[in-house]
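The values are calculated or read from the model by the stated rules, or taken from the named source; none is laboratory data. None of these values were measured; they are calculated from a predicted model. Please note: Cβ atoms are built from the backbone with ideal geometry, for glycine as well, and neighbour counts cover all protein chains shown. Side chains included, ligands, DNA and RNA excluded: accessible areas come from the protein's heavy atoms. Shrake-Rupley method; radii C 1.70, N 1.55, O 1.52, S 1.80 Å.
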Amino acid sequence: IFIAHLSLSLGEKMQPHLHPTSFLFFMVMISILIHVPRSLCADDDQYVSCGKLFECGNIRNIGYPFWGGDRPNQCGLPELHLNCRDDNATLLTVLSREYRVLEID
């Protein structure tokens, strides 16, 4: 919103004059629009860590709703935790029983 005052003298064309308050408001808004988006673009560690996909043996590129490996627990559902054994076998524990995952489609 800009407030402009028009003054007219004999022989002069109409010239808009920006009110000092409007100019200050305009400068503050420009400053906010330049600085706020940069702060919103900062990487959130939680978001970055959830961008990693689970990989173990032949089980690859597994994302939500699963978590495990390099993917922290906030990146998936609590009951879908995948574990990678030393022999590259992927395990899923359900009701205290371990199941070997052969494929996720």
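Key figures
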item	result
Projected label distance in nm at residue 73 and residue 103, using a 7 Å step from Cα toward the beta-carbon	3.2 nm
Net lengthening on full extension, residue 22/residue 52 (0.36 nm per residue, minus Cα-Cα)	6.0 nm
Average projection area in nm² (convex hull over Cα atoms of the range 45-100, one quarter of hull surface)	3.7 nm²
Accessible area of the range 56-105 divided out per residue, in Å², using a probe of 1.4 angstrom	72 Å²
